[in-house]
Amino acid sequence: MPSLTFDSPLGPLAVIERDGAIAELCFGAGVTEDATALLQTAADQVTEYFAGDRKDFDLPFAAPATPFQVAMRQAMLDIPFGLTRTYGDIAKAIGMPPQAVGQGCGQNTIPIIVPCHRVVAAGGKLGGFSGGEGAPTKRWLLAHEAHDDLFAAYR
């Protein structure tokens, strides 16, 4: 599969393309192989996000496999930049239990671009994050997007 690795404030990131759409964003060094214009566009948009110049992404995504995954992805994409929703909020919106929502967030193959980091536990608790260094990476992303510097100490 075509892939492209690029640098970010969180270390190297790799984007992977499948059938003309973004299929994965991975933390850590990867191998750049058959890089395409779409992968370069994705890398550029993520770089703009980190620079504070982009709040939304304009990229085609590989289709999720199940109706639940479709609903989860859309629910995450619907969370505005700089805001969060709880697992319970998402669960209510898509008609699934909060535990399933947590698992769905953990299975997101396109973190940052599909903002699973914006989903937190009840009472404002952080909850989990499967990318990068886990919770510290989630805190960093939330601080990066924070309107009120709630998480600024974690940058």
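The values are calculated or read from the model by the stated rules, or taken from the named source; none is laboratory data. Keep in mind it's a predicted model, so treat the numbers as computed, not measured. Cβ placement follows ideal geometry from the backbone for every residue including glycine, while neighbour counts extend to all protein chains displayed. Calculation scope for accessible area: heavy atoms of the full protein, side chains included, ligands and nucleic acids excluded. Shrake-Rupley method; radii C 1.70, N 1.55, O 1.52, S 1.80 Å.
Being more than 23 Å from residue 135 (Cα to Cα), modelled with pLDDT of 95 or more, open to solvent by 40 Å² or more (accessible area, probe 1.4 Å) and not in a loop (DSSP other than H, G, I, E, B) is a property that residue 45 lacks.
Tell me which of these residue 58 doesn't satisfy, since it passes every other one: (1) closer than 29 Å to residue 44 by Cβ; (2) assigned to a helix (DSSP H, G or I). Of the numbered conditions (1) closer than 29 Å to residue 44 by Cβ; (2) assigned to a helix (DSSP H, G or I), the odd one out for residue 58 is (2).
Selection of region 82-118 for residues being farther than 13 Å from residue 68 by Cα, among the aliphatic types (A, V, I, L, M) and modelled with pLDDT of 95 or more yields 110, 112, 113, 114. Quick check: anything in region 62-84 in a loop (DSSP other than H, G, I, E, B), small (Gly, Ala, Ser) and more than 30 Å from residue 37 (Cα to Cα)? No: zero hits. Among the residues of region 104-135, those identified as among the hydrophobic types (A, V, I, L, M, F, W, C) and more than 23 Å from residue 52 (Cα to Cα) are 105, 121, 122. If the condition is being open to solvent by 70 Å² or more (accessible area, probe 1.4 Å) and under 30 Å from residue 123 (Cβ atoms), then region 58-82 contributes 67, 70, 74, 78.
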